[in-house]
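Take a look at the structure below.
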Amino acid sequence: MVLVLEPLELALLVLALAASAIAVETRSLTRSVFGLLVFTVAIGLIFVLLGAIHIGALQIIVYSGGVMALFLLMIMVTARRDET
């Protein structure tokens with residue numbers, strides 16, 4: 001059995017892999033959360049390309065919304081430096 005990937009699927013898989021590496025390896029909280037956001041959107045788009053439109057839409061809406069809530073919580077909780 002030969003697995004043939006279309007170019008768009010391959011590009012999304014590479015994007016998801018790169019975004020997950022950024023989310024795990026970076027020290028910046030902002031870059032990490034944005035990497036997680038890009039990863040969840042890429043996985044949702046892969047689901048849509050494979051024909052699971054409802055699961056892809058739920059992936060994008062629920063998980064990406066959760067990541068954005070995490071981002072807002074991160075901004076509110078972390079200490080800010082006073083600029084003087």
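Quickly estimate the mean residue ellipticity at 222 nm for the chain, helices only: each DSSP H run with n ≥ 4 gives -39500 (n - 2.57), and the total goes over all residues, rounded to 500. Present the calculation step by step, with values, prior to reporting the outcome.
Values: 4 runs with 60 residues, N = 84.
Calculated mean residue ellipticity at 222 nm is -23500 deg cm²/dmol.
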Checklist outcome for this item: Measuring from the longest principal axis of the C-alpha atoms of the chain, the long axis of helix 7-25 (C-alpha) lies at a number of degrees, nearest 10, equal to 30 degrees
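Nearest 20 debye, what's the magnitude of the dipole of the chain about its Cα centre given +1 on Lys and Arg Cβ and -1 on Asp and Glu Cβ? Don't jump to the answer; show the numbers that get you there.
On the way: 4 positive and 5 negative charges, 47 e Å.
The dipole of the chain has a size of about 220 debye.
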Checklist entry - Toward the positive end of the charge dipole of the chain, about the Cα centre and with charges on Cβ (Lys, Arg +1; Asp, Glu -1), which of LEU37, MET74, LEU49 goes farthest? => result MET74
Checklist entry - Taking only Cα atoms, what is the 0 to 90° angle, nearest 10, from helix 64-77's long axis to the longest principal axis of the chain? => result 10 degrees
Item to check | 0 to 90° range, to nearest 10: angle between helix 29-49 axis and the chain longest Cα axis | outcome: 20 degrees
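Each reported figure results from applying straightforward, stated rules to the coordinates on display, with no laboratory input. Please read all numbers here as calculations on a predicted model, not as lab measurements. All Cβ positions, even for glycine, are placed from backbone atoms using ideal geometry, and neighbour counts span all protein chains on display.
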